[in-house]
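Undergrad: The structure's right below; bear with me while I get my questions together.
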C-alpha cells in the first residue's frame with residue numbers, strides 16, 4: 001500500500017519514502033520535505049475560498065454524513081481502498097492498540113463528527129452557524145462580529161491516540177483549512193477522516209496531509225497561522241515562544257476525593273479503575289494521581305487488586321485493554337525509570353502485591369507494561385505527580401485544605417465531593433483545565449464542553465462593530 | 001563536460017600527484033613546520049615510503065582538532081616564504097574555530113568549477129548574489145572570484161551560522177526564524193534593486209527566497225548551492241518548484257578543507273546526486289566506519305574520508321562527519337563519486353544540521 005502526500009487535495013508522490021510493516025503487507029508513506037509544506041501555504045487562499053463558497057450549515061451536514069462514512073464505508077487510502085475492518089487491523093498492527101481500543105477511538109471520532117453542531121455550539125456559546133458565513137450575528141439585542149485570525153490550522157498528530165483527531169474536526173466546518181502531519185505509526189486515522197469528509201462533499205482543497213519529519217512538523221506548526229500539537233512537557237517548552245501554537249502536553253489528570261465522601265471509597269473503585277485504565281491508560285485524560293484526605297492504604301490496596309486483574313491479551317481479543325509498545329525500548333525506559341524512583345524512600349508499588357509477574361512482560365509477541373499503582377507516603381515523591389503511557393497512577397494522602405495548592409497544572413480534575421466550600425475553591429482554581437464535579441471518571445467527554453482551550457476562540461477573534469451594520 | 005582521462009589514467013595521475021605533494025610537504029626546503037616535526041612520530045618515512053596514493057593509508061586519519069589547537073602559521077610551507085596568506089575558518093563551528101590557511105587554492109578550485117559549467121550555465125557577465133555565511137570563510141572570496149572570472153560583480157548578504165546554532169541550542173526557534181527572515185528580506189531587496197543573474201546560497205535560504213518572489217521573474221538564470229543534505233526529493237523540489245524548472249541548478253558538496261566537489265550530470269527524472277572531488281587536489285573515499293582503511297563496495301553507504309593534497313595544504317585521511325553511497329567513476333569524472341551525502345549516522349541517531 002502506498003500513501004501519498006495530499007497537497008491541498010492533490011496527490012503527490014515523494015522520492016523520500018518510509019516503509020512500515022503491517023504484518024500481511026508493507027506500507028509506504030511518502031515524506032514531505034518542509035519547503036513543500038510552506039510552498040502549499042503560499043496558495044492557502046484557494047483552500048479558504050473553496051470553504052467560503054459553501055454555507056457553514058452545509059459543511060456541518062457534510063461532516064455529519066462523513067461521520068457515517070468514516071465508521072462504515074470503504075474509503076480511499078492511498079492507492080488502496082480500506083474497509084473499516086482493514087482500518088482497525090492495520091492501525092492495530094502499527095500502533096499495537098488492541099482492536100477494541102481502535103474501535104472505541106473510532107466511536108469517539110464518529111461522535112465528534114456526527115455531533116459537530118453540538119460541539120461548535122458549545123465552543124461559540126450557541127451562536128448560529130451562519131456566524132461563519134456572515135461574520136455577524138445578533139444575540140438578543142447585541143450585535144456580535146467575529147473574524148478568522150488565520151487561514152490555516154496546522155496539526156501535528158501523535159501516533160498513539162487516534163481520538164485526538166476529534167479536536168481539529170470542527171475547523172473545516174468553521175471554514176478554516178487544515179494541514180495535518182500524521183504520527184509516523186498512525187498515517188491512517190487523519191487520512192480516513194479527510195477522505196470521508198471529501199466523499200461527503202467538502203472541497204478537497206481544504207485539506208493538506210503531510211507525512212513528514214520532525215523538521216517538517218515544526219514547519220507546519222510555525223508556518224500555519226495557527227498550530228495544534230500534542231506531546232510531553234518538552235513539546236510545551238519547545239513551542240512556548242510561539243503564541244500561535246497550542247500544545248496539548250502532559251495531562252496529569254487527577255481524582256480528588258473530599259473529606260465528605262472519603263468514607264464511601266468502596267463505591268468509587270470502578271470509576272477510579274476506569275479513569276486509570278480506559279484507552280489503555282494512554283490518554284492525557286486518564287487519571288495519573290488520586291489525592292485523598294485519609295484511607296490511603298485501604299483504597300490503594302483495593303484499587304491495586306482491581307488493576308492487577310487487567311492482563312495482557314492478544315490485540316484481537318475482545319477483552320484486550322492493555323496496549324503493547326510498538327517500540328519495546330520505550331517500555332524498557334519507563335519500567336527502569338519507575339524502578340529507579342522506587343529506590344527513593346516515600347513510595348511503594350502496591351500492585352506488585354497483587355500479581356505474580358513483573359510490571360514489564362512479553363506476551364503475544366509484544367511488550368506490555370501492566371497496570372501500576374504507587375502509594376506515596378511522601379507527597380512530593382518523583383512518582384507522585386507524573387504520567388506514563390500505560391495504566392499508571394499514584395495515590396497520595398493530603399489534607400483537603402492543601403489539595404489545590406499541591407496539584408499544579410492539571411488537565412482534568414474529577415472532584416468527588418459535595419462540600420460547597422471545596423467546590424467553590426475548585427471553581428476558582430487557575431490550575432484546572434477541565435472540572436468534573438461528582439464521582440465521574442476523568443476520561444468523561446461531554447461534546448458541548450471545550451476540551452483544552454477553545455478551538456473557536458483559537459481560530460476566530462471578536463471585533464467591535466458599530467454604525468450601519470444592516471448593510472453588512 | 002567529459003574528461004579526457006580514463007579511470008586508469010586518472011589513477012596514475014593521482015599517484016604522480018601524491019608523490020609530488022608528499023615530497024613538497026615533507027622536504028625541509030619546502031615543507032611546513034607542522035608536518036616536518038610530525039615525521040619522527042609517523043613510524044615511516046613519507047619521502048621513501050609513499051610512492052602512490054594507496055600509500056597515504058600509512059598515515060593515521062587526520063585529527064581536525066589540530067586545526068583548532070595549532071597556530072595556523074605552522075602550516076605555512078617554507079617555500080612560500082613570507083608571502084601573505086588568508087586564514088579561513090570552517091562553517092558553523094562554535095567555540096575555538098578550526099582554521100586553514102590558503103593562498104590560491106580557492107581560485108584554482110573555482111576556476112575549474114567555472115570551466116566545467118561553460119559560459120551558458122551561469123550567464124557570462126551576469127552579476128552574482130551570495131546569501132550565506134561570509135565572514136572568515138573561504139567561500140566568500142571563492143564566490144567573488146567565480147563572479148569576477150565570469151565577467152560579473154558579486155553582492156553579499158551575510159548569515160552567521162554560529163549565531164543560528166546558538167539560538168537553536170538555547171531553544172530560541174522563534175528568534176532563529178526571525179533572523180532567517182531578516183536575511184531573506186535583505187536578499188530580496190538586493191535582487192529587486194540590482195541586476196542579479198546568478199545566486200550562490202544554501203538550499204534552505206534558496207527556498208525561503210523563492211517564497212518571496214519568482215526567481216525566474218526576478219531574472220535569475222543560474223543557482224549554485226551547497227552546504228546541507230539534499231535528498232533526491234529535495235533536489236526534485238528545488239528544481240521543479242523553487243526554480244520552476246527554468247533555472248540552471250548546480251548542487252555541490254564542499255568545505256574549507258576540501259574545496260568543492262561538483263555533482264555529475266543527471267538524466268531527466270534522476271534526482272539522486274553524486275559528487276566528485278577535485279581530484280587529484282582532493283580525494284574522497286567511502287570507507288567502512290568501523291575500519292576506515294577499508295573501502296565500501298559500490299552502492300553502499302559508508303563514512304566519507306577526505307584527503308587534501310595541494311602545495312598549500314596537506315591533510316591525509318580526514319574522516320568527515322558525513323556518510324554517503326560509494327558511486328563508480330563516470331565520463332565526466334573518471335574516479336569514484338559520493339552519492340546522497342547525509343550526516344554521519346543520521347539514519348540511526350538524531351543530528352542537527354542545515355541550520356541555515
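What follows draws every value from the coordinates through simple rules; no lab data is involved. All figures in this text were calculated on a predicted structure; none of them were measured in a lab. Heads up, the Cβs are rebuilt from the backbone with ideal geometry, glycines too, and the neighbour counts pull from every protein chain shown.
Undergrad: Please report the antiparallel percentage of DSSP beta bridges with both residues in region A:253-437, rounded to the nearest 5.
TA: In region A:253-437, approximately 25 percent of DSSP beta bridges are antiparallel ones.
Undergrad: Right, something else. How much length, in nm to one decimal, is gained on full extension between residue B:194 and residue B:13, taken as 0.36 nm per residue of separation minus their Cα-Cα distance?
TA: My answer for the length gained is 60.7 nm.
Undergrad: Counting only other chains, and only Cβ atoms inside 10 Å, what mean value do you get across the residues of B:226-236?
TA: 3
Undergrad: For B:154, A:224, B:32, what's the fewest-to-most ordering of other Cβ within 10 Å of each Cβ?
TA: B:154, B:32, A:224
Undergrad: Using the number of other C-beta atoms within 10 angstrom as an exposure proxy, rank B:12, A:433 with the fewest first.
TA: B:12, A:433
Undergrad: For the pair residue A:329 and residue A:353, what calculated FRET efficiency results from E = 1/(1 + (r/R0)^6), where r is the Cβ-Cβ distance and R0 = 30 Å, to the nearest 0.05?
TA: According to the calculation, E is roughly 0.60.
Undergrad: Let me see the pair-distance distribution of chain A: every alpha carbon pair, 20 Å bin width, integer percents in order.
TA: With a bin width of 20 Å, the distribution comes to 24, 54, 22, 1.
Undergrad: By per-residue mean of other Cβ atoms within 10 Å, what is the highest-first order of A:196-207, A:132-143?
TA: By packing density, highest mean first, the sequence is A:196-207, A:132-143.
Undergrad: Got the relative contact order for chain A handy, in percent, Cα pairs under 8 Å and 6 or more residues apart?
TA: 18 percent.
Undergrad: Can you show me the helix-derived [θ] at 222 nm for chain A, built from DSSP H runs with n ≥ 4 at -39,500 (n - 2.57) apiece and divided by the number of residues, rounded to the nearest 500.
TA: Calculated at 222 nm, the ellipticity per residue is -10000 deg cm²/dmol.
Undergrad: Can you give the FRET efficiency for residue B:185 and residue A:45, using 1/(1 + (r/R0)^6), R0 = 30 Å, r = Cβ-Cβ distance, to the nearest 0.05?
TA: 0.85
Undergrad: Related question: If you restrict to DSSP beta bridges whose two residues both lie in chain A, what percentage is antiparallel, to the nearest 5?
TA: Roughly 40 percent of the beta bridges in chain A run antiparallel, per DSSP.
Undergrad: Next up: Using the alpha-carbon atoms, what tilt in degrees (0 to 90, nearest 10) does helix A:56-72 show relative to the longest principal axis of chain A?
TA: The answer is roughly 50 degrees.
Undergrad: I'd like the antiparallel share, as a percent to the nearest 5, of DSSP beta bridges with both residues in the protein assembly as shown.
TA: Of all bridge pairs located within the protein assembly as shown, approximately 50 percent are antiparallel.
Undergrad: Separate question: Counting only other chains, what is the mean number of Cβ atoms within 10 angstrom of the Cβ of each residue in peptide A:19-26?
TA: Counting other chains' Cβ atoms within 10 Å and averaging over A:19-26 gives 0.
Undergrad: Here's something else I'd like to know. Under the rule a/c < 1.5 gives rounded, and otherwise a/b versus b/c splits prolate from oblate, where does region B:160-314 land using the Cα gyration tensor?
TA: Prolate, since a/c reaches 1.5 and a/b exceeds b/c.
Undergrad: Shielding of B:204-211 by partners, i.e. mean partner chain Cβ atoms within 10 Å per residue?
TA: Taking all residues of B:204-211 together, the mean is 3.
Undergrad: Once both axes come from the Cα atoms, what is the angle between helix A:296-307 and the longest principal axis of chain A, in degrees from 0 to 90, rounded to 10?
TA: Approximately 60 degrees, to the nearest ten.
Undergrad: Roughly what would the spin-label model give for residue B:27 and residue A:377, points 7 Å off Cα along C-beta, in nm?
TA: 8.3
Undergrad: Using alpha carbon centroids, what distance separates region B:29-70 and region B:144-181, in Å?
TA: One Cα centre to the other: 35 Å.
Undergrad: Under 8 Å for C-alpha pairs, at least 6 residues apart: give me the relative contact order for chain B, rounded to a whole percent.
TA: For chain B, the relative contact order is 17 percent.
Undergrad: Using only C-alpha positions, report the orientation-averaged shadow area of the convex hull of chain B, nm², one decimal.
TA: Computing the convex hull of the Cα atoms and averaging its projections yields 17.8 nm².
Undergrad: Moving to a separate point now. Tell me the angle of helix A:84-95 to the major Cα principal axis of chain A, expressed in degrees between 0 and 90 and rounded to the nearest ten.
TA: That works out to roughly 60 degrees.
Undergrad: Please report the projected area of the protein assembly as shown's Cα convex hull averaged over all directions, in nm².
TA: So the mean shadow area of the Cα hull is 41.4 nm².
Undergrad: What spacing in nm lies between the two simple spin-label points modelled at residue A:241 and residue A:13, each 7 Å away from Cα in the Cβ direction?
TA: 4.1
Undergrad: So for region A:253-437, considering every pair of alpha-carbon atoms, how many percent are separated by more than 24 Å?
TA: 35
Undergrad: Please state the relative contact order of region A:253-437 as a whole percent: Cα pairs under 8 Å, 6+ residues apart?
TA: 30
Undergrad: Sticking with this one: Based on the Cβ-Cβ distance of residue B:172 and residue B:211, what FRET efficiency does E = 1/(1 + (r/R0)^6) give at R0 = 25 Å, to the nearest 0.05?
TA: About 0.70, to the nearest 0.05.
Undergrad: Moving to a separate point now. Summing -39500 (n - 2.57) over the DSSP H runs of n ≥ 4 in chain B and dividing by its residue number, what mean residue ellipticity at 222 nm do you reach, to the nearest 500 deg cm²/dmol?
TA: -9500 deg cm²/dmol
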